[in-house]
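Contents: one structure, followed by commentary.
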Amino acid sequence: MAIIKAIRCIRTRADGSWTIVQILTDCDGLYGLGSASDLYNPEAVVQVIEQLFAPLLTGRDTAYIEELWQTMQHSAYWRNGSVTQTAISGIDMALWDILGKEAGLPVYRLLGGAVRSAVPCYGHASGHTVSELKEEVHRYLAEGYPVIRCQLGGYGGGGFVPGGQTRLPEPSWIQGRAFDEQAYLQAVPDMFEQLRAEFGSTVGLTHDVHEHLSPIAAIQLSKLLEPYSLFYLEDALPPEQLGWYRQLRAQSSTPQAVGELFTNPQEWLPLVQERLIDFLRVRVSKAGGISACRKIAAVCEAFGVRTAWQEGGENDPVNQAAAVHLDLAAWNFGIQEINHFREEELEAFPGHIRRSGGYLYPAEKPGLGIELDEVKAKGLLHSGWKRSAYYHPYPLDRKADGTLVRP
């Protein structure tokens, strides 16, 4: 029996955006790691852990993972917000890490064992032109990726019109460029027509709309992309307009993936029950951790929906490890989003997930198999970094008239 002695939050990466949760126990050398990273509100997550959950859980038995998860979920009364769920997720991962270390088994074996030998992942190809994008796709194919996400630049790419080429009000609220739905609806299908002509029909291709479109435009895009047989279309609609997936499904056969903004453990349920989507893309560290996501995967399996846990470029190696352990044990796994880390970042996380030839492999050590070198983790922080001065709001796009575009 291991008792929680303390819960620590360790901030790392150059900008301090990674928050690693460490649960210390009364057993010599036994601790667990979890991910509670939030690029936009990191300190808010830290305060929830330090002020609410650490005092609440200190002295409790680490083996009672489900009981502790339920306790955290209801302890703030108002629940399911992104900050609270991120805090719960980090602690939950650390508890599973401890359980695996106590059992001497990798977490995926505690979840029922592997149903595949490795985890296929998809690469992120982008270019400001289709020619640049093709070069990126060639590179990922050469590395062995089975699926590749294709974007014309950043999110909304292909739909941006320079301010000097469109009519703007005075004064204008945009800086440099405006997002235009019609330009996007023209550019993205044209992009995939050229990609299919270059790479054929057997390469798995995806695209992330990132909720930039109005509901009817999202349906139009999905229908326009049908001839190009996408592996899936990601986040065609924002969480505020999920009801439109009924109309989208009725009018288009393009596979749909959604969920990276979901934090409520049941927010996704109607989409799955009504078979309106094909892939669920919640982030493990945002949806409640391993405890929540193993249940999500089980429900999805019953309705023929596959998992595609979200990573994102700002994510950390601990969350990636948790996702891969879930991927190995879930029969209805679909694809795993890849995340690239700098070599010095990986050195701070011994036992990190290994990528080779478009596949991900765990360290095959007890627990999540990943450790934290605190000296190297501290060394990643910029010398002038101050947690009190952290400021990183999400960059927002606008239409020509100044209206914000939902991310």
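Overview of values
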| item | result |
| --- | --- |
| Filter pass, ALA236 being surrounded by fewer than 18 Cβ atoms within 10 Å (Cβ to Cβ) and under 22 Å from PRO270 (Cα atoms) | no |
| Members of segment 197-230 found to be out of contact with any helix residue (DSSP H, G or I) (no Cβ under 6 Å at 6 or more places or on another chain) and under 18 Å from GLU136 (Cα atoms), listed by number | ALA197, PHE199, GLY200, SER201, THR202, VAL203, GLY204, LEU205, THR206, HIS207, ASP208, LEU230 |
| Of residues in segment 175-227 being in a strand (DSSP E or B) and in contact with an Asp or Glu (Cβ under 7 Å, 6 or more places away or on another chain), the one surrounded by the most Cβ atoms within 10 Å (Cβ to Cβ) | HIS207 |
| Extreme residue, nearest to LEU68 (Cα to Cα), among residues of segment 269-305 that are β-branched (Val, Ile, Thr) and buried (at least 24 other Cβ atoms within 10 Å of the Cβ) | ILE290 |
| Residue list for segment 102-150, restricted to those being charged (D, E, K, R) and buried (at least 23 other Cβ atoms within 10 Å of the Cβ) | ARG149 |
| Candidates PRO366, PRO393, PRO362, PRO407, filtered to the one that is open to solvent by less than 60 Å² (accessible area, probe 1.4 Å) and out of contact with any helix residue (DSSP H, G or I) (no Cβ under 6 Å at 6 or more places or on another chain) | PRO407 |
| Residues of segment 98-157 that turn out to be aliphatic (A, V, I, L, M), over 29 Å from CYS293 (Cα atoms) and either at pLDDT below 95 or under 21 Å from the mean Cα position of the chain (by Cα) (or both), as a count | 1 |
| Among residues of segment 162-174, those that are farther than 15 Å from LEU404 by Cα, open to solvent by 60 Å² or more (accessible area, probe 1.4 Å) and part of a loop (DSSP other than H, G, I, E, B), counted | 3 |
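Let's see how each residue does on (1) among the polar types (S, T, N, Q); (2) not in a helix (DSSP H, G or I):
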position	(1), (2)
THR71	yes, no
THR86	yes, no
ASP92	no, no
ASP97	no, no
VAL115	no, yes
HIS124	no, yes
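Let's see how each residue does on (1) open to solvent by 50 Å² or more (accessible area, probe 1.4 Å); (2) among the basic types (Lys, Arg); (3) at pLDDT 95 or above:
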{"position": "ASP26", "(1), (2), (3)": "yes, no, yes"}
{"position": "LEU33", "(1), (2), (3)": "no, no, yes"}
{"position": "PRO42", "(1), (2), (3)": "no, no, yes"}
{"position": "VAL46", "(1), (2), (3)": "no, no, yes"}
{"position": "PHE53", "(1), (2), (3)": "no, no, yes"}
{"position": "LEU56", "(1), (2), (3)": "yes, no, yes"}
{"position": "THR62", "(1), (2), (3)": "no, no, yes"}
{"position": "GLN70", "(1), (2), (3)": "yes, no, yes"}
{"position": "ARG79", "(1), (2), (3)": "yes, yes, no"}
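The values are calculated or read from the model by the stated rules, or taken from the named source; none is laboratory data. Predicted, not measured: the structure shown is a model, and the values here were computed from it. Backbone-built Cβ (ideal geometry, glycine too); neighbour counts: all protein chains shown. Accessible surface is based on the protein model in full, side chains and every heavy atom, while ligands, DNA and RNA are left aside. Shrake-Rupley method; radii C 1.70, N 1.55, O 1.52, S 1.80 Å.
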